[in-house]
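Colleague: Mind looking over this structure? Questions follow.
The values are calculated or read from the model by the stated rules, or taken from the named source; none is laboratory data. Everything quoted here is computed from the prediction, not taken from an experiment. Backbone-built Cβ (ideal geometry, glycine too); neighbour counts: all protein chains shown. Quick note on the areas: whole protein, heavy atoms, side chains included, nothing else; ligands and nucleic acids left out. Shrake-Rupley method; radii C 1.70, N 1.55, O 1.52, S 1.80 Å.
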Amino acid sequence: MATYKIATIPGDGIGPDIIREACGVMDAIGKKYGHNFEYTEVLAGGAAIDKTGEPLPEETLKTCCASDAVLLGAVGGPKWDNLPGNKRPEKALLGLRGGMKVYANLRPAVMFKQLSAACPLKPEIAGNGLDILIVRELTGGIYFGERGRKEDNSEAWDTERYSVPEIERILKLGFESAMKRRKKMCVVDKANILESSRLWREVTARMAPNYPEVEVSYMYVDNAAMQLVRNPGQFDVIATSNMFGDILSDEASQITGSIGMLASASLGDDGPGLYEPIHGSAPDIAGQDKANPLATILSCAMLLRYSFNLDKEALAIENAVEKVLDAGWRTGDIAGKDYPADKIVGTKKMGALVIEALQ
Ligand code: IPM
Ligand code: MG
(Lines give C-alpha, C1' and ligand atoms only; values in the text may rest on other atoms or scores of the structure.)
(Ligands and ions follow the chains in the order given, each with its own letter.)
Protein backbone atom coordinates (compact mmCIF):
# COMPACT_ATOMS: atom_id res chain seq x y z
CA MET A 1 0.00 0.00 0.00
CA ALA A 2 1.43 3.34 -1.03
CA THR A 3 1.95 5.89 1.74
CA TYR A 4 1.64 9.58 1.00
CA LYS A 5 2.79 12.24 3.45
CA ILE A 6 0.51 15.25 3.63
CA ALA A 7 1.27 18.32 5.73
CA THR A 8 -1.95 19.96 6.89
CA ILE A 9 -2.24 23.59 7.88
CA PRO A 10 -5.66 24.16 9.45
CA GLY A 11 -4.76 27.82 10.10
CA ASP A 12 -7.40 30.22 11.40
CA GLY A 13 -11.14 30.76 11.57
CA ILE A 14 -13.03 27.96 9.84
CA GLY A 15 -9.73 26.40 8.71
CA PRO A 16 -9.74 23.61 11.33
CA ASP A 17 -13.44 22.83 10.64
CA ILE A 18 -12.95 22.32 6.92
CA ILE A 19 -9.58 20.54 7.09
CA ARG A 20 -11.10 17.97 9.45
CA GLU A 21 -13.78 17.08 6.91
CA ALA A 22 -11.33 17.08 4.00
CA CYS A 23 -9.07 14.61 5.83
CA GLY A 24 -12.11 12.45 6.53
CA VAL A 25 -12.85 12.31 2.81
CA MET A 26 -9.19 11.53 2.03
CA ASP A 27 -9.26 8.67 4.53
CA ALA A 28 -12.36 7.28 2.86
CA ILE A 29 -10.57 7.47 -0.50
CA GLY A 30 -7.53 5.76 1.00
CA LYS A 31 -9.66 2.94 2.35
CA LYS A 32 -11.54 2.46 -0.89
CA TYR A 33 -8.55 2.56 -3.25
CA GLY A 34 -5.82 1.17 -1.01
CA HIS A 35 -3.67 4.22 -0.18
CA ASN A 36 -2.35 5.39 3.12
CA PHE A 37 -2.47 9.13 3.74
CA GLU A 38 -0.33 10.22 6.65
CA TYR A 39 -0.95 13.73 8.01
CA THR A 40 1.36 16.04 9.89
CA GLU A 41 -0.39 19.10 11.24
CA VAL A 42 1.64 22.30 11.27
CA LEU A 43 1.09 25.90 12.34
CA ALA A 44 0.78 28.95 10.11
CA GLY A 45 -1.01 32.28 10.11
CA GLY A 46 -2.69 33.70 13.20
CA ALA A 47 -2.57 30.35 14.99
CA ALA A 48 1.21 30.37 14.58
CA ILE A 49 1.51 34.01 15.67
CA ASP A 50 -0.37 33.21 18.87
CA LYS A 51 1.82 30.21 19.70
CA THR A 52 5.24 31.29 18.39
CA GLY A 53 5.12 34.99 17.54
CA GLU A 54 5.81 34.22 13.85
CA PRO A 55 3.25 33.77 11.05
CA LEU A 56 5.37 31.06 9.42
CA PRO A 57 7.63 29.19 11.85
CA GLU A 58 10.70 27.59 10.27
CA GLU A 59 9.53 24.18 11.39
CA THR A 60 6.34 24.60 9.34
CA LEU A 61 8.16 25.37 6.11
CA LYS A 62 10.57 22.49 6.73
CA THR A 63 7.77 20.00 7.28
CA CYS A 64 5.87 21.27 4.24
CA CYS A 65 8.89 21.01 1.94
CA ALA A 66 9.57 17.47 3.19
CA SER A 67 6.02 16.25 2.55
CA ASP A 68 4.43 14.94 -0.65
CA ALA A 69 1.72 17.62 -0.64
CA VAL A 70 0.37 20.39 1.57
CA LEU A 71 -3.29 21.03 2.37
CA LEU A 72 -4.14 24.46 3.76
CA GLY A 73 -7.42 25.64 5.29
CA ALA A 74 -7.32 29.43 5.61
CA VAL A 75 -5.29 32.05 7.43
CA GLY A 76 -6.04 35.48 8.84
CA GLY A 77 -8.68 37.26 10.85
CA PRO A 78 -9.45 40.59 12.53
CA LYS A 79 -7.50 39.59 15.62
CA TRP A 80 -4.21 40.00 13.73
CA ASP A 81 -5.18 42.84 11.40
CA ASN A 82 -3.22 45.54 13.18
CA LEU A 83 0.14 43.81 13.19
CA PRO A 84 2.92 45.24 10.98
CA GLY A 85 3.15 43.93 7.38
CA ASN A 86 5.79 41.27 7.91
CA LYS A 87 4.05 39.86 11.01
CA ARG A 88 0.60 39.49 9.52
CA PRO A 89 -0.94 36.05 8.90
CA GLU A 90 -0.91 36.70 5.11
CA LYS A 91 2.86 36.74 5.31
CA ALA A 92 2.63 33.00 5.96
CA LEU A 93 1.01 32.50 2.57
CA LEU A 94 3.67 34.43 0.68
CA GLY A 95 6.37 32.70 2.74
CA LEU A 96 4.96 29.27 1.96
CA ARG A 97 4.62 30.01 -1.76
CA GLY A 98 8.14 31.41 -2.00
CA GLY A 99 9.67 28.82 0.35
CA MET A 100 8.02 25.86 -1.39
CA LYS A 101 8.77 27.44 -4.79
CA VAL A 102 5.22 26.90 -5.98
CA TYR A 103 5.33 29.45 -8.76
CA ALA A 104 2.11 28.60 -10.58
CA ASN A 105 -1.33 28.96 -9.15
CA LEU A 106 -4.21 27.15 -10.86
CA ARG A 107 -7.58 28.63 -10.01
CA PRO A 108 -10.48 27.00 -11.79
CA ALA A 109 -13.59 29.19 -11.80
CA VAL A 110 -16.41 26.79 -12.49
CA MET A 111 -20.12 27.26 -12.19
CA PHE A 112 -21.82 24.27 -10.58
CA LYS A 113 -25.07 23.83 -12.49
CA GLN A 114 -26.87 23.00 -9.23
CA LEU A 115 -25.92 26.48 -7.96
CA SER A 116 -26.55 28.48 -11.13
CA ALA A 117 -29.25 30.52 -9.37
CA ALA A 118 -26.48 32.08 -7.26
CA CYS A 119 -24.66 33.38 -10.33
CA PRO A 120 -24.94 37.19 -10.25
CA LEU A 121 -24.94 37.45 -14.06
CA LYS A 122 -28.11 37.29 -16.16
CA PRO A 123 -28.88 33.85 -17.63
CA GLU A 124 -28.38 35.17 -21.16
CA ILE A 125 -24.80 36.03 -20.20
CA ALA A 126 -23.87 32.99 -18.13
CA GLY A 127 -26.57 30.55 -19.18
CA ASN A 128 -24.17 28.12 -20.81
CA GLY A 129 -22.17 27.76 -17.63
CA LEU A 130 -18.72 29.00 -16.77
CA ASP A 131 -15.50 27.08 -16.82
CA ILE A 132 -12.39 29.23 -16.76
CA LEU A 133 -8.93 28.25 -15.57
CA ILE A 134 -6.81 31.11 -14.30
CA VAL A 135 -3.11 30.33 -14.30
CA ARG A 136 -1.59 32.95 -12.05
CA GLU A 137 2.14 33.54 -11.58
CA LEU A 138 2.65 33.21 -7.84
CA THR A 139 6.20 33.84 -6.68
CA GLY A 140 7.29 36.85 -8.71
CA GLY A 141 6.17 40.23 -9.95
CA ILE A 142 5.17 43.11 -7.76
CA TYR A 143 4.25 40.97 -4.73
CA PHE A 144 7.84 39.78 -4.48
CA GLY A 145 9.67 42.65 -6.16
CA GLU A 146 11.86 45.26 -4.58
CA ARG A 147 9.89 47.60 -2.37
CA GLY A 148 10.75 50.48 -0.15
CA ARG A 149 9.81 53.71 1.47
CA LYS A 150 11.54 57.00 2.05
CA GLU A 151 12.57 57.51 5.63
CA ASP A 152 10.28 60.50 5.99
CA ASN A 153 7.33 58.43 4.72
CA SER A 154 6.78 60.81 1.84
CA GLU A 155 7.11 58.09 -0.84
CA ALA A 156 6.82 54.34 -1.17
CA TRP A 157 7.34 51.96 -4.10
CA ASP A 158 6.89 48.38 -5.26
CA THR A 159 8.42 46.88 -8.38
CA GLU A 160 6.98 44.69 -11.11
CA ARG A 161 9.82 42.64 -12.55
CA TYR A 162 9.78 39.37 -14.52
CA SER A 163 12.54 37.27 -16.03
CA VAL A 164 12.06 35.22 -19.19
CA PRO A 165 12.31 31.85 -17.34
CA GLU A 166 9.69 33.02 -14.83
CA ILE A 167 7.33 33.86 -17.67
CA GLU A 168 8.11 30.73 -19.65
CA ARG A 169 7.27 28.29 -16.88
CA ILE A 170 3.86 29.89 -16.33
CA LEU A 171 3.03 29.97 -20.02
CA LYS A 172 4.13 26.34 -20.40
CA LEU A 173 1.55 25.36 -17.80
CA GLY A 174 -1.00 27.62 -19.49
CA PHE A 175 -0.42 26.04 -22.91
CA GLU A 176 -0.45 22.51 -21.48
CA SER A 177 -3.63 23.16 -19.52
CA ALA A 178 -5.28 24.62 -22.61
CA MET A 179 -4.38 21.47 -24.57
CA LYS A 180 -6.35 19.41 -22.05
CA ARG A 181 -9.31 21.80 -22.20
CA ARG A 182 -10.84 23.88 -24.99
CA LYS A 183 -7.45 24.83 -26.47
CA LYS A 184 -7.66 28.57 -25.91
CA MET A 185 -5.29 30.71 -23.87
CA CYS A 186 -5.65 34.41 -23.23
CA VAL A 187 -2.61 36.24 -21.87
CA VAL A 188 -3.81 39.13 -19.73
CA ASP A 189 -1.47 42.06 -19.21
CA LYS A 190 -1.08 45.81 -19.55
CA ALA A 191 1.22 45.82 -22.55
CA ASN A 192 0.09 49.27 -23.64
CA ILE A 193 1.92 50.65 -20.59
CA LEU A 194 4.15 48.12 -18.88
CA GLU A 195 7.49 46.93 -20.25
CA SER A 196 7.20 43.69 -18.28
CA SER A 197 3.91 42.99 -20.04
CA ARG A 198 5.55 43.49 -23.40
CA LEU A 199 8.08 40.85 -22.41
CA TRP A 200 5.23 38.46 -21.51
CA ARG A 201 3.85 38.95 -25.03
CA GLU A 202 7.21 38.35 -26.70
CA VAL A 203 7.73 35.14 -24.76
CA THR A 204 4.20 34.00 -25.59
CA ALA A 205 4.75 34.62 -29.30
CA ARG A 206 8.00 32.64 -29.18
CA MET A 207 6.39 29.66 -27.46
CA ALA A 208 3.11 29.60 -29.40
CA PRO A 209 4.49 27.66 -32.43
CA ASN A 210 5.20 24.73 -30.08
CA TYR A 211 1.47 24.51 -29.37
CA PRO A 212 -0.07 25.00 -32.81
CA GLU A 213 -3.48 23.74 -31.68
CA VAL A 214 -3.82 26.40 -28.98
CA GLU A 215 -5.53 29.59 -30.03
CA VAL A 216 -3.63 32.41 -28.30
CA SER A 217 -5.06 35.83 -27.59
CA TYR A 218 -3.93 38.87 -25.60
CA MET A 219 -6.04 41.22 -23.55
CA TYR A 220 -5.36 44.26 -21.42
CA VAL A 221 -6.29 43.67 -17.81
CA ASP A 222 -8.84 46.48 -17.63
CA ASN A 223 -10.65 45.07 -20.64
CA ALA A 224 -10.40 41.54 -19.20
CA ALA A 225 -12.08 42.68 -15.98
CA MET A 226 -14.92 44.03 -18.11
CA GLN A 227 -15.12 41.06 -20.49
CA LEU A 228 -15.43 38.68 -17.55
CA VAL A 229 -18.82 40.14 -16.69
CA ARG A 230 -19.83 40.92 -20.29
CA ASN A 231 -19.05 37.58 -21.94
CA PRO A 232 -17.24 35.16 -19.60
CA GLY A 233 -17.89 32.22 -21.93
CA GLN A 234 -15.17 33.52 -24.29
CA PHE A 235 -12.44 32.48 -21.83
CA ASP A 236 -10.86 29.07 -21.45
CA VAL A 237 -7.39 29.48 -19.90
CA ILE A 238 -6.23 32.89 -18.68
CA ALA A 239 -2.49 33.16 -18.04
CA THR A 240 -1.31 36.21 -16.16
CA SER A 241 0.98 37.85 -13.62
CA ASN A 242 0.77 37.60 -9.86
CA MET A 243 -1.18 40.79 -9.21
CA PHE A 244 -3.52 40.64 -12.21
CA GLY A 245 -4.22 36.98 -11.41
CA ASP A 246 -4.97 37.84 -7.80
CA ILE A 247 -7.55 40.41 -8.84
CA LEU A 248 -9.14 38.58 -11.76
CA SER A 249 -9.42 35.29 -9.89
CA ASP A 250 -11.54 36.95 -7.21
CA GLU A 251 -13.76 38.42 -9.89
CA ALA A 252 -14.01 35.15 -11.81
CA SER A 253 -14.86 33.16 -8.70
CA GLN A 254 -17.61 35.57 -7.72
CA ILE A 255 -19.30 35.45 -11.11
CA THR A 256 -19.57 31.67 -10.93
CA GLY A 257 -21.84 32.10 -7.92
CA SER A 258 -19.98 29.14 -6.45
CA ILE A 259 -17.36 30.91 -4.37
CA GLY A 260 -17.73 28.50 -1.44
CA MET A 261 -16.97 25.65 -3.83
CA LEU A 262 -13.76 26.66 -5.56
CA ALA A 263 -10.43 24.95 -5.06
CA SER A 264 -6.91 25.91 -6.01
CA ALA A 265 -3.53 24.33 -6.56
CA SER A 266 -0.11 25.96 -6.36
CA LEU A 267 2.57 24.01 -8.15
CA GLY A 268 6.31 24.14 -8.60
CA ASP A 269 8.70 21.95 -10.55
CA ASP A 270 9.13 18.80 -8.53
CA GLY A 271 8.50 19.61 -4.87
CA PRO A 272 5.13 19.24 -3.13
CA GLY A 273 2.12 21.22 -4.30
CA LEU A 274 0.08 23.47 -2.03
CA TYR A 275 -3.70 23.07 -2.12
CA GLU A 276 -6.31 25.32 -0.59
CA PRO A 277 -9.86 26.57 -1.01
CA ILE A 278 -9.98 30.05 -2.49
CA HIS A 279 -12.33 31.42 0.17
CA GLY A 280 -11.11 33.03 3.38
CA SER A 281 -11.13 32.13 7.07
CA ALA A 282 -14.67 33.43 7.88
CA PRO A 283 -13.87 33.99 11.58
CA ASP A 284 -17.50 34.91 12.35
CA ILE A 285 -18.63 31.31 11.88
CA ALA A 286 -15.48 29.51 13.08
CA GLY A 287 -16.05 26.40 15.16
CA GLN A 288 -19.84 26.57 14.76
CA ASP A 289 -20.26 23.68 12.33
CA LYS A 290 -21.50 26.11 9.67
CA ALA A 291 -18.61 26.34 7.21
CA ASN A 292 -18.81 24.79 3.76
CA PRO A 293 -16.08 22.13 3.49
CA LEU A 294 -16.64 21.44 -0.21
CA ALA A 295 -13.98 23.79 -1.62
CA THR A 296 -11.40 22.11 0.63
CA ILE A 297 -12.68 18.67 -0.30
CA LEU A 298 -12.40 19.64 -3.97
CA SER A 299 -8.87 20.92 -3.27
CA CYS A 300 -8.10 17.34 -2.17
CA ALA A 301 -9.26 16.19 -5.60
CA MET A 302 -6.75 18.60 -7.19
CA LEU A 303 -4.09 17.32 -4.77
CA LEU A 304 -4.73 13.71 -5.77
CA ARG A 305 -4.65 14.60 -9.45
CA TYR A 306 -1.65 16.94 -9.63
CA SER A 307 0.62 15.73 -6.84
CA PHE A 308 -0.13 11.99 -6.71
CA ASN A 309 -1.35 11.32 -10.27
CA LEU A 310 -4.43 9.60 -8.82
CA ASP A 311 -6.94 10.66 -11.47
CA LYS A 312 -9.54 8.03 -10.69
CA GLU A 313 -9.58 8.98 -7.03
CA ALA A 314 -9.78 12.70 -7.86
CA LEU A 315 -12.73 12.09 -10.13
CA ALA A 316 -14.40 10.00 -7.44
CA ILE A 317 -14.33 13.00 -5.09
CA GLU A 318 -15.62 15.38 -7.75
CA ASN A 319 -18.45 13.00 -8.65
CA ALA A 320 -19.35 12.51 -5.00
CA VAL A 321 -19.63 16.29 -4.50
CA GLU A 322 -21.88 16.57 -7.57
CA LYS A 323 -24.01 13.73 -6.26
CA VAL A 324 -24.49 15.44 -2.91
CA LEU A 325 -25.46 18.69 -4.63
CA ASP A 326 -27.80 16.83 -7.00
CA ALA A 327 -29.51 15.32 -3.98
CA GLY A 328 -30.20 18.87 -2.84
CA TRP A 329 -27.90 19.09 0.18
CA ARG A 330 -26.47 22.55 0.87
CA THR A 331 -24.49 24.34 3.53
CA GLY A 332 -25.92 27.74 4.50
CA ASP A 333 -23.59 29.76 2.23
CA ILE A 334 -24.79 28.02 -0.96
CA ALA A 335 -28.42 27.47 0.03
CA GLY A 336 -29.84 30.76 -1.19
CA LYS A 337 -32.99 32.43 0.07
CA ASP A 338 -35.99 30.27 1.07
CA TYR A 339 -34.10 27.01 0.65
CA PRO A 340 -35.88 24.10 2.43
CA ALA A 341 -34.44 24.08 5.95
CA ASP A 342 -34.29 20.29 6.16
CA LYS A 343 -31.81 20.25 3.29
CA ILE A 344 -29.40 22.71 4.88
CA VAL A 345 -26.62 20.94 6.74
CA GLY A 346 -23.54 21.79 8.80
CA THR A 347 -19.87 21.20 8.09
CA LYS A 348 -19.70 17.72 9.60
CA LYS A 349 -22.84 16.45 7.96
CA MET A 350 -21.67 17.76 4.59
CA GLY A 351 -18.38 15.88 5.01
CA ALA A 352 -20.28 12.73 5.95
CA LEU A 353 -22.57 13.06 2.92
CA VAL A 354 -19.60 13.25 0.56
CA ILE A 355 -18.06 10.17 2.17
CA GLU A 356 -21.38 8.35 1.82
CA ALA A 357 -21.61 9.37 -1.84
CA LEU A 358 -18.12 7.90 -2.45
CA GLN A 359 -19.26 4.40 -1.65
C1 IPM B 1 -4.93 35.11 -2.55
C2 IPM B 1 -4.89 36.12 -1.45
C3 IPM B 1 -3.44 36.38 -1.11
C4 IPM B 1 -2.76 36.87 -2.36
C5 IPM B 1 -3.20 37.37 0.02
C6 IPM B 1 -3.97 37.00 1.27
C7 IPM B 1 -1.75 37.53 0.30
O8 IPM B 1 -5.56 37.28 -1.82
O9 IPM B 1 -4.50 33.98 -2.32
O10 IPM B 1 -5.38 35.47 -3.62
O11 IPM B 1 -2.84 38.03 -2.69
O12 IPM B 1 -2.15 36.09 -3.03
MG1 MG C 1 -6.48 37.14 -3.67
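Every residue, every condition in (1) crowded, with 21+ Cβ neighbours inside 10 Å; (2) under 19 Å from the mean Cα position of the chain (by Cα); (3) away from ligand 2 (no atom under 12 Å from the Cβ), yes or no:
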| site | (1), (2), (3) |
| --- | --- |
| ASP236 | no, yes, yes |
| ASN242 | yes, yes, no |
| TYR275 | yes, yes, yes |
| GLN288 | no, no, yes |
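Colleague: Which of (1) acidic (Asp, Glu); (2) modelled with pLDDT under 95; (3) within 16 Å of ligand 2 (Cβ to nearest atom) does ASP270 not meet, given it meets every other one?
Modeller: The one condition ASP270 does not meet is (3).
Colleague: Restricting to the stretch 220-274, what's the tally of residues that are assigned to a loop (DSSP other than H, G, I, E, B) and aromatic (Phe, Trp, Tyr)?
Modeller: Of the residues in that region, 1 qualify.
Colleague: Here's a follow-up. From the list SER241, SER266, pick out the single residue that is touching a strand residue (DSSP E or B) at 6+ places or on another chain (Cβ under 8 Å), within 14 Å of PRO108 (Cα to Cα) and within 16 Å of ligand 1 (Cβ to nearest atom).
Modeller: Only one candidate passes the filter, namely SER266.
Colleague: Which one is most open to solvent (accessible area, probe 1.4 Å), of the residues in the stretch 301-338 that are among the hydroxyl-bearing types (Ser, Thr, Tyr) and in contact with a helix residue (DSSP H, G or I) (Cβ under 9 Å, 6 or more places away or on another chain)?
Modeller: TYR306
Colleague: Moving to a separate point now. So, in the stretch 105-122, of the ones that are surrounded by fewer than 18 Cβ atoms within 10 Å (Cβ to Cβ) and basic (Lys, Arg), which residue ends up farthest from the chain's Cα centre (by Cα)?
Modeller: The residue in question is LYS122.
Colleague: So, in the stretch 1-11, how many residues would count as being open to solvent by 10 Å² or more (accessible area, probe 1.4 Å) and part of a strand (DSSP E or B)?
Modeller: 6
Colleague: Something else about it: With ARG161, ARG181 as the choices, which residue is in a loop (DSSP other than H, G, I, E, B), surrounded by fewer than 21 Cβ atoms within 10 Å (Cβ to Cβ) and touching a helix residue (DSSP H, G or I) at 6+ places or on another chain (Cβ under 8 Å)?
Modeller: It is ARG161.
Colleague: Of these, GLY280, GLY287, which one is of a type in the set (Gly, Ala, Ser), within 16 Å of ligand 1 (Cβ to nearest atom) and not assigned by TED's automatic domain parsing to the domain that holds ASN128?
Modeller: GLY280
Colleague: Can I ask one more? Please find, among GLU146, GLU176, GLU124, the residue that is at pLDDT below 95, charged (D, E, K, R) and either closer than 30 Å to ALA335 by Cα or more than 16 Å from ligand 1 (Cβ to nearest atom) (or both).
Modeller: Criteria check complete, one pass: GLU124.
Colleague: Okay, next question. Within the stretch 82-93, restricting attention to residues that are outside any helix (DSSP H, G or I) and away from ligand 2 (no atom under 16 Å from the Cβ), which residue is most open to solvent (accessible area, probe 1.4 Å)?
Modeller: ASN82
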